[in-house]
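The values are calculated or read from the model by the stated rules, or taken from the named source; none is laboratory data. Remember, it's a predicted structure, so these values are computed and weren't measured experimentally. As a convention, Cβ positions derive from the backbone with ideal geometry for all residues, glycine included, and neighbour counts pool all protein chains shown.
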Amino acid sequence: MSIADNVALIRERMHKAAQRAGRKPDEITLMAVTKTVSPDSIREAYDAGIRVFGENRVQEFAGKASELRDLPDAEWHMIGHLQSNKAKMAVDLFGCVESVDSVKLAQKLNDAAQQLGKKIAALIEVNVAGEEAKSGVALDSPELEALLNAAPNLPALRFSGLMAIPPFSDNPETSRPHFRQLRKLFDKIAGLSYANVDMRILSMGMSHDFEIAIEEGATCIRVGTAIFGERKPLRGTV
Ligand SMILES: *Cc1c(COP(=O)(O)O)cnc(C)c1O
């Protein structure tokens, strides 16, 4: 199976999941997650129609970005944990950071964006299952509240939605209650009309559980393995 075949198959499955949920397939974006993936393979996904790409490490993408400059309408999203000392590099490379989980990081991103004369999108990462080892703010936490209240003072960021990575399980149904909770939070925040917060993107669902995420309201699914195959660990970065 080529990358184009995989993309076509995923789009078909997305379509069916959307239909089951009474949703329009074109309101759901397929993001290709390209950590450990070569620029040539990224280009293949682009040729198959993908326009949104997700990377986990600033440094890794910095090494690949120069080979991909000729794809002007591609959108690059940072989806991995971001240390605030890499904020400036991240703002330079990405149009959206999906892993904003503290006011401190948001401030660093805002300052960097202002310095570079850019405006970028920011999603708040939510640790939906309260996992110790995962980043993200807890559901309905003071940290989440603080971020939402800080948004109007961070004019170089557009707070555009939420992102989450539920615990992995062989049974994708395990993700459903977490997706449902994130969706509820998304709707609640949208209903409270915070300044500079526009809940448009609900980023949830990966290779093993994206159909369930779509049934539960995802507007963006992040798919790596099902497009590019199993990842080989990059030497020195694991
Ligand atoms: C790696 C990764 C994905 C994609 O995972 P697959 O199982 O390969 O589809 C999605 N989101 C994040 C944050 C990731 O790190």
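Among all residues of segment 135-150, there is at least one that is within 13 Å of the ligand (Cβ to nearest atom) and either touching a residue at least 24 places away in the same chain (Cβ under 8 Å) or not in a loop (DSSP other than H, G, I, E, B) (or both).
Here is a yes/no grid of residues against (1) surrounded by 22 or more Cβ atoms within 10 Å (Cβ to Cβ); (2) more than 16 Å from the ligand (Cβ to nearest atom); (3) within 28 Å of residue 89 (Cα to Cα); (4) among the basic types (Lys, Arg):
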{"position": "116", "(1), (2), (3), (4)": "no, yes, yes, no"}
{"position": "152", "(1), (2), (3), (4)": "no, yes, yes, no"}
{"position": "174", "(1), (2), (3), (4)": "no, no, no, no"}
{"position": "177", "(1), (2), (3), (4)": "no, yes, no, no"}
{"position": "193", "(1), (2), (3), (4)": "no, yes, no, no"}
{"position": "198", "(1), (2), (3), (4)": "no, yes, yes, no"}
{"position": "203", "(1), (2), (3), (4)": "yes, no, yes, no"}
{"position": "219", "(1), (2), (3), (4)": "no, no, yes, no"}
{"position": "224", "(1), (2), (3), (4)": "no, no, yes, no"}
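Listed here are the residues, each with its yes/no results for (1) of a type outside the set (Asp, Glu); (2) surrounded by fewer than 23 Cβ atoms within 10 Å (Cβ to Cβ).
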{"site": "134", "(1), (2)": "yes, yes"}
{"site": "137", "(1), (2)": "yes, yes"}
{"site": "140", "(1), (2)": "no, yes"}
{"site": "143", "(1), (2)": "no, yes"}
{"site": "146", "(1), (2)": "yes, yes"}
{"site": "164", "(1), (2)": "yes, no"}
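If residue 39 passes every condition in (1) at positive phi; (2) touching a Leu at 6+ places or on another chain (Cβ under 7 Å) but one, which one does it miss? Only one criterion in (1) at positive phi; (2) touching a Leu at 6+ places or on another chain (Cβ under 7 Å) is unmet by residue 39, namely (1). Name the residues in segment 95-104 that are assigned to a helix (DSSP H, G or I) and either buried (at least 23 other Cβ atoms within 10 Å of the Cβ) or in contact (Cβ under 8 Å) with a residue 24 or more places away in the chain (or both), would you? Correct list: 103 only. Taking first residues from segment 19-43 that are more than 17 Å from residue 212 (Cβ to Cβ) and of a type outside the set (Ser, Thr, Tyr) and partners that are part of a helix (DSSP H, G or I) and within 14 Å of the ligand (Cβ to nearest atom), the Cβ contacts under 7 Å between residues at least 6 apart in sequence or on separate chains come to 32/45; 32/227; 35/60; 37/228. Of all residues in segment 7-40, those satisfying the criterion of being touching a strand residue (DSSP E or B) at 6+ places or on another chain (Cβ under 9 Å) and either at pLDDT below 95 or not in a loop (DSSP other than H, G, I, E, B) (or both) are 7, 10, 11, 14, 29, 30, 31, 32, 33.
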